[in-house]
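To start, the structure itself, in structure tokens.
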Amino acid sequence: MLTPEEPTRARKEKKPLVLPPAKWDAFVEQHPYGHFLQTSLWGDLKSAHSWQSARATLVHPGTELVGGATVLFRQLPYRLGKIAYVPRGPIVNWDDRELAVAAVQSTSILARSNGAIGMVLEPGLLDTPSDQRTLIEAKLFPIDLSVQPRRTIWINLDVEEEVDILATMKQKTRYNIGLAKRKGVTVREGGVDDLPMFYNLMQTTSERNEFAIHSLEYYQTFMKTFAEGSNRVASLLIAEYESRPLAAMIAVAYSRRGTYLYGASGNEGRDLMPTYLLQWEAMRWARARGCVTYDLWGIPDEDEATLEANFKDRNDGLWGVYRFKRGFGGQIVRHIGAWAQIFNPLRWWVWNQARRIRKSSGLGA
């Protein structure tokens, strides 16, 4: 039975804490390690689509919130139990190793109490030896199960003028942005009514590039959760030519970070370079909402020298994506990846073997 949250006081003290979702989200948004994947909104979205969510919170004496995590649970087949998953969390000051370990322990207690056979975390950390040692001290070990992008490109939006962002781009990318404008491509913000069109573009892109997509209902739930009312932190941006949609994307602006989350384009009008203008307008949209970084959300997990040596010839996986994204400049970063803790070794082994078979069969993780 899922409990709404299981708070633990820092430094091994405990006290019940009733934490409304809005208070948790306010904590996540202002935190240096805050991420929209750790909001109660993301938990609500996933709870509507095959997951359950709960929250672990860590507080100092005096009920000062200092850390915690939104934890997602999924029921495994064959009565194996549940798997617990923590995307870009816990939210805690990772520079304070004792506090960070306490946050992981609090999350572990919640996962165990809800029947998880193991817990997978993808913290919002870059891949450094120091942070690896912190995770090891928290009794975690690395695994080959990255759900979120391991390597990505960050664009700096914290500049005086928009032209300063353009100046860091490759000349060809700047040219393509200008070409789209000169040819009459425009970008507008869409709404829930535009989602069937967006989904058609997603299906086209999925067939062209051979990757899986969510259902239309999933994107509808996402937009209703993240892009309407007081929780409006996402936007559907649509590139059009003569009122005809050519490309579209969903971007998120949260905790001073813009993120390119979902994107699609049709097979027609690609010579008008709509995707280049779309990304540029998404950066402008994020910057206008106080974001200082724009995350292009995923490139091949290779070092920069390998990426640059092979991007012209490789088309498999995310290589075509990298060929497009590299033109926007920015900094290539690598996250620390997925780390796990096992609660039931036998059932974990069975689940992991089944996962590897599905992965080797091209069915994903």
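Worth a mention:
- Note on the stretch 81-109: residues that are assigned to a strand (DSSP E or B) and basic (Lys, Arg) amount to 1.
- Considered as a group, the residues in the stretch 50-79 that are among the charged types (D, E, K, R) and assigned to a strand (DSSP E or B) include one that is nearest to SER106 (Cα to Cα), and that residue is ARG55.
- Per-region count, the stretch 104-128, residues free of Cβ contacts under 8 Å to residues at least 60 places away in the same chain and either outside the structural domain of LEU346 (by TED's automatic domain parsing) or over 23 Å from the mean Cα position of the chain (by Cα) (or both): 1
- Some residue of the stretch 271-284 being in a strand (DSSP E or B) and within 22 Å of LYS172 (Cβ to Cβ): no
- Number of residues in the stretch 285-328 that are in contact with a strand residue (DSSP E or B) (Cβ under 6 Å, 6 or more places away or on another chain) and over 23 Å from LEU236 (Cα atoms) equals 2.
- Within the stretch 198-224, if we keep just the residues that are assigned to a helix (DSSP H, G or I), modelled with pLDDT of 95 or more and among the hydroxyl-bearing types (Ser, Thr, Tyr), the residue that is farthest from the chain's Cα centre (by Cα) turns out to be THR204.
- Given (1) outside the structural domain of PRO196 (by TED's automatic domain parsing); (2) out of contact with any strand residue (DSSP E or B) (no Cβ under 6 Å at 6 or more places or on another chain); (3) under 29 Å from ARG133 (Cβ atoms); (4) touching a residue at least 60 places away in the same chain (Cβ under 8 Å), number of the condition VAL350 does not satisfy: (3)
- Only residues that are of a type outside the set (Lys, Arg), part of a loop (DSSP other than H, G, I, E, B) and either touching a helix residue (DSSP H, G or I) at 6+ places or on another chain (Cβ under 6 Å) or surrounded by fewer than 18 Cβ atoms within 10 Å (Cβ to Cβ) (or both) were counted across the stretch 126-144, and they come to 5.
- Test for ARG182: is it surrounded by 15 or more Cβ atoms within 10 Å (Cβ to Cβ) and over 14 Å from TYR262 (Cβ atoms): no
- Flag: LEU166 does not match the condition of being crowded, with 16+ Cβ neighbours inside 10 Å, among the hydrophobic types (A, V, I, L, M, F, W, C) and in a loop (DSSP other than H, G, I, E, B).
- Filtered residues of the stretch 1-48 (kept if assigned to a loop (DSSP other than H, G, I, E, B), at pLDDT 95 or above and surrounded by fewer than 21 Cβ atoms within 10 Å (Cβ to Cβ)): HIS31, PRO32, TYR33, ALA48
- Restricted to the stretch 249-270, and to residues there that are among the polar types (S, T, N, Q) and assigned to a strand (DSSP E or B), the residue that is farthest from THR204 (Cα to Cα) is THR259.
- From the list ALA22, ALA69, ALA54, the one residue that fits, being of a type in the set (Gly, Ala, Ser) and either in the same structural domain as ARG257 (by TED's automatic domain parsing) or under 20 Å from THR259 (Cβ atoms) (or both), is ALA69.
- Of everything in the stretch 324-333 that is crowded, with 17+ Cβ neighbours inside 10 Å and farther than 16 Å from SER265 by Cα, the residue that is nearest to the chain's Cα centre (by Cα) is ILE332.
- Within the stretch 285-309, the set of residues being crowded, with 19+ Cβ neighbours inside 10 Å, assigned to a helix (DSSP H, G or I) and either on the phi > 0 side of the Ramachandran plot or not small (Gly, Ala, Ser) (or both) comprises ARG287, LEU307.
The values are calculated or read from the model by the stated rules, or taken from the named source; none is laboratory data. Note that the structure is a prediction, hence the values are computed from the model and not measured. Note: ideal-geometry Cβ built from the backbone for every residue, glycine included; neighbour counts use all protein chains shown.
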